[in-house]
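J.: Have a look at this one before I ask anything.
The values are calculated or read from the model by the stated rules, or taken from the named source; none is laboratory data. A quick note: this is a predicted structure, and the numbers were derived from the prediction, not measured. Reconstructed Cβ throughout: ideal geometry from the backbone, glycine too, with neighbour counts over all protein chains shown. SASA here: full protein model, heavy atoms, side chains in, ligands and nucleic acids out. Shrake-Rupley method; radii C 1.70, N 1.55, O 1.52, S 1.80 Å.
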Amino acid sequence: MATEKTQASDVISGEWNVRYNYSVGKVAGTFFDALKERKILATKSSKSGISYLPPRAYCERSFEPCDEWVEAGHEGVIEAATIVSAAFEHLPPPPYAIAYVRLDGIDTAMINFVRNLDMSDVGAAMEKLKPGTRVRVEFIDDPKGEVTDFHYVL
């Protein structure tokens, strides 16, 4: 059985950058519109009683439509967190913190950046991000209807 050797000249490196527009749909559209008003909306299933953030069209437990909207509190608890030390395109320069936070009145957690955290000692910063730590939501000055309109602060 013969095998072919691949040479470096047989590999062509390339990159595609494709811009596109897509419809966010009714559920995400309602969520993003509310962010412009500094409100964080979640969906809720009257069948199961579970509230979802980010909002979902259907309940993951009952498989029924989420048929209610509820406003999340602007405080909550960290469920999980990490400090990112690798650089990624279109994200802040490392290190930066992200956390899954279960906002008051909501049953699920939503990820977002944690801002205003001293990152000069990454170990000490991580200690401050323990599960169960209370955080609050802070909005940017001019919300545009994007998930980055808000972040978490200790």
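J.: Would you mind computing, in nm to one decimal, how far apart the modelled labels at residue 20 and residue 146 are, each placed 7 Å from Cα along Cα→Cβ?
T.: For residue 20 paired with residue 146, the spin-label model returns 2.0 nm.
J.: Which chymotrypsin sites (Phe, Trp or Tyr not before Pro) in the range 1-91 sit in a loop by DSSP (not H, G, I, E or B) and have at most 15 other Cβ atoms within 10 Å of their own Cβ?
T.: On the way: sites: 16, 20, 22, 31, 32, 52, 58, 63, 69, 88; in loops: 16, 20, 22, 63, 88.
Answer by residue number: 16, 20, 22, 63, 88.
J.: Next up: Using only alpha carbon pairs under 8 Å that are at least six residues apart, calculate the relative contact order of the chain and give it in whole percent. Don't skip to the end; give the middle numbers.
T.: Numbers: 278 pairs, mean separation 31.9, N = 154.
Taking the mean separation of contacting Cα pairs over the length of the chain, I get 21 percent.
J.: Continuing with this model, one more query. Between (i) 9.1; (ii) 11.0; (iii) 15.4, which entry matches mean projected area of the Cα convex hull in nm² as derived from the coordinates of this structure?
T.: Here mean projected area of the Cα convex hull in nm² agrees with entry (iii).
J.: Using DSSP to call loops (not H, G, I, E or B), can you name the GluC sites (Glu not before Pro) in the range 48-154 whose Cβ has at most 10 other Cβ atoms within 10 angstrom?
T.: 89
J.: Rounded to the nearest whole Å², what accessible area per residue is found for the chain with the 1.4 Å probe?
T.: Numbers: 10510 Å² over 154 residues.
For the chain, the per-residue accessible area is 68 Å².
J.: Show me the trypsin sites (Lys or Arg not before Pro) within the range 105-142 that DSSP assigns to loop and that have at most 16 other Cβ atoms within 10 Å of their Cβ.
T.: Answer by residue number: 115, 128.
J.: Which percent of the accessible heavy-atom area of the chain goes to carbon and sulfur, probe 1.4 angstrom? If you can, show how the numbers build up before the last one.
T.: Numbers: 5330 of 10510 Å².
The C+S portion of the solvent-accessible surface of the chain is 51 percent.
J.: Provide the gained length on full extension for the span residue 107 to residue 90, in nm with one decimal, where the gain is 0.36 nm per separating residue minus the Cα-Cα distance.
T.: That pair, residue 107 and residue 90, stretches by 3.1 nm at full extension.
J.: If you don't mind, another one. With an 8 Å cut-off on Cα pairs and a minimum separation of 6 or more residues, tell me the relative contact order of the range 5-93 in percent.
T.: In percent, rounded to a whole number, it is 20.
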